[in-house]
1. Could you tell me which numbered condition residue 387 fails, if it satisfies all but one of (1) surrounded by fewer than 16 Cβ atoms within 10 Å (Cβ to Cβ); (2) more than 21 Å from residue 71 (Cα to Cα); (3) in contact (Cβ under 8 Å) with a residue 24 or more places away in the chain?
2. Looking only at region 194-206, count every residue that is under 16 Å from residue 268 (Cα atoms), in contact (Cβ under 8 Å) with a residue 60 or more places away in the chain and in contact with a strand residue (DSSP E or B) (Cβ under 6 Å, 6 or more places away or on another chain) and tell me the total.
3. Only one residue in 67, 48, 71 is in contact with a helix residue (DSSP H, G or I) (Cβ under 8 Å, 6 or more places away or on another chain) and modelled with pLDDT under 90. Which one?
4. Looking at region 162-170, is at least one residue farther than 30 Å from residue 322 by Cβ and in contact (Cβ under 8 Å) with a residue 12 or more places away in the chain?
5. Could you list, in sequence order, the residues of region 129-145 that are part of a loop (DSSP other than H, G, I, E, B) and touching a strand residue (DSSP E or B) at 6+ places or on another chain (Cβ under 6 Å)?
6. Return only the number of the condition from (1) free of Cβ contacts under 8 Å to residues at least 24 places away in the same chain; (2) assigned to a strand (DSSP E or B); (3) surrounded by fewer than 13 Cβ atoms within 10 Å (Cβ to Cβ) that residue 66 does not satisfy.
7. Restricted to region 177-190, and to residues that are surrounded by fewer than 16 Cβ atoms within 10 Å (Cβ to Cβ) and touching a strand residue (DSSP E or B) at 6+ places or on another chain (Cβ under 8 Å), which residue is farthest from residue 262 (Cα to Cα)?
C-alpha cells in the first residue's frame, strides 16, 4: 500500500516540474529569441515480485511480475526550431535565419544568444540589454577584415573620419555608335580627387576619326591631361587599341601641370576594356574611380554574411567589421546563463565560431528580430495535461489513505 503512495508522490513532483516548465514557457511567450522547453518523464526502478522462468520440456515459461516505483523527470529538452520574424526597422536589431547563435562577452566569459536586440553603449560598442558585448572581427583602416584572427568587441564609430584618397584609376564603359559620322564628338563626365580630397571635374571626349577609329581626350578643370589617344575597334566592334590590359597609358596630372594639380601625388590609369563599337545610340559613362574626399561615418548596414558596411558622407562604403556566429554539435546541451544567453555545457560540444552562412550557420538579417518559438495552444494543452496528471496522482494518495483507514478499522 505504501508503494502506491510513494509512487503517487513521485508523480506529484514530476507533474509539478512539468507545470514549472510550462509556466516558464508561457511567461516568455514574448521574449526575443526565447526557445521553449518540454518535460520528458521516465519510470523509475521496479520491484520484482516474482522472477520470470524459462520454458522447460515439461512446462511453459513465466513472465516476471514487477511493480513500478513511480516516475521521475528524465530531462527538460529545449526546442530549437526557428521563431517568427518581427520587423523592427532598427539597424542594430539582428536576426539569425537558421542555426547558430550570436557570440557575446560578459566580463571574461563568452556567452551565446539568439536574441539579436543590440544597442550602443557610451563607447560605441554593440551590447545586449544586459550589457554583454557583441563579438566579431573589426576591420583595419583599409576596410579589410581578418576573419582568421580571434574575435573581439564590435563597435561602430559614428562620426569617424576617413582621410581623403587621391584618384589613381578610373574606367569608361559603354557603346560608341558604329554608324556615327566622322567628326562626331561624344563626351561623358566624372569626378576625381587629389590627395587633399579636392574635387576635380574630369571629362572624357571621343571624336570619330574613321570607320573604326576614335580619338580620346581627358580634360580636368579645363587642362588637357590626355590628348588624342587612339581608340580602335575591329570590324565586329571589339576594342583592339589600346591593347591588353586595354588601358590608357598612365598619366600624372602633377607632372603635366604642377601649378594646377600640386596635390595629385601619382599617375592615373583609365580602363577602357568596357568600351565597344556597335550599332545604336551612345551610352558611354564613367561609372567609377577609386578616389574620395574627406568623409565621416553616417550610418551602417548589415549584410547576410554579417559584414557591417559603413556608409560615409563622401559616398564611400567600407566594411567596419563582421559579426561572428557560433554553432554547436548539440545546442540542447548548452546551459542557460540568464538574460536570454547560454554558456558551453559538458554535452554541447565546443563552440564552432565562424561566418554567417558558412559551415551550416544561418544567415543574418538587419532590422528584424526572432521572436519566441513558444506555441500558446500547445502550452495550454500542456497545462491541462499537467493539471490532470497532478489530480490523478493526488487521488491515488487519497484512495491509498482510505484503504489504510479501512485496514485500521478492522480492529473495531
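1. The single condition residue 387 does not satisfy is (2).
2. Residues meeting the conditions: 4.
3. 67 is the lone residue from the list that is in contact with a helix residue (DSSP H, G or I) (Cβ under 8 Å, 6 or more places away or on another chain) and modelled with pLDDT under 90.
4. So far as region 162-170 goes, no, none of its residues is farther than 30 Å from residue 322 by Cβ and in contact (Cβ under 8 Å) with a residue 12 or more places away in the chain.
5. Hits for region 129-145 are 132, 143.
6. Only one criterion is unmet by residue 66, namely (3).
7. 181
Residues are listed down the side, and each one gets a yes or a no for (1) outside the structural domain of residue 226 (by TED's automatic domain parsing); (2) within 29 Å of residue 278 (Cα to Cα); (3) within 17 Å of the chain's Cα centre (by Cα); (4) modelled with pLDDT under 95:
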residue	(1), (2), (3), (4)
130	yes, no, no, yes
135	yes, no, yes, no
140	yes, no, no, yes
143	yes, no, no, yes
149	yes, no, no, yes
157	yes, no, no, yes
178	no, yes, no, yes
181	no, yes, no, yes
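The values are calculated or read from the model by the stated rules, or taken from the named source; none is laboratory data. Since this is a predicted model, take the numbers as computed values, not measurements. So basically every Cβ, Gly included, is an ideal-geometry build from the backbone, and we count neighbours across all protein chains shown.
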